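Each remark here refers to the structure printed beneath this line.
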Amino acid sequence: MALQIIESCVNCYACEPLCPSKAIYMSEKTGHFRINPKKCTECEGDFKDTQCASICPIEGAILDALGVPINPPGSLTGIPPERMAEAMAELQAH
Ligand code: SF4
Ligand code: SF4
């Protein structure tokens with residue numbers, strides 16, 4: 001089982017040094033960090049929490065083995081997704 005980093009990754013480099021399996025790498029193909037599924041152990045045996053998802057500041061950038069965001073929208077900012085959508089709409093209206 002492995003986690004996945006998707007294109008919303010902002011290349012902040014926070015996760016890469018924390019990975020106990022050295023599974024995180026910069027992909028030249030996609031231009032953002034990715035996880036080698038053959039190396040990712042989901043941190044089992046090393047840490048209780050998946051280290052990359054624990055530090056990643058971008059909601060939705062890391063998915064679990066089922067493709068579900070580990071930090072879904074609102075989980076880090078504390079802003080409910082509906083409220084964020086309203087605020088963005090208000091900003092765009094001006
Ligand atoms: S879940 Fe753990 S082993 Fe897998 S990429 Fe993230 S830090 Fe590395
Ligand atoms: S911590 Fe998140 S945003 Fe930063 S490089 Fe890793 S996946 Fe990308």
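The values are calculated or read from the model by the stated rules, or taken from the named source; none is laboratory data. Source: prediction; values computed, not measured. Because the Cβ atoms are built from the backbone with ideal geometry, glycine has one as well, and the counts that use them run over all protein chains shown.
Things to note:
- Residue check for Glu44: within 14 Å of ligand 2 (Cβ to nearest atom) and acidic (Asp, Glu): no
- Filter result for Leu91 (surrounded by fewer than 17 Cβ atoms within 10 Å (Cβ to Cβ), outside any helix (DSSP H, G or I) and either at pLDDT 95 or above or more than 16 Å from ligand 1 (Cβ to nearest atom) (or both)): no
Let's see how each residue does on (1) among the aliphatic types (A, V, I, L, M); (2) without any contact (Cβ under 8 Å) to a residue 24 or more places away in the chain; (3) within 12 Å of ligand 1 (Cβ to nearest atom); (4) not in a loop (DSSP other than H, G, I, E, B):
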site	(1), (2), (3), (4)
Met1	yes, no, yes, no
Lys29	no, yes, no, no
Phe47	no, no, yes, no
Pro57	no, no, no, no
Ala85	yes, yes, no, yes
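- In the stretch 24-54, the residue that is surrounded by the fewest Cβ atoms within 10 Å (Cβ to Cβ) out of those that are within 25 Å of Ser75 (Cα to Cα) and among the hydrophobic types (A, V, I, L, M, F, W, C) is Phe47.
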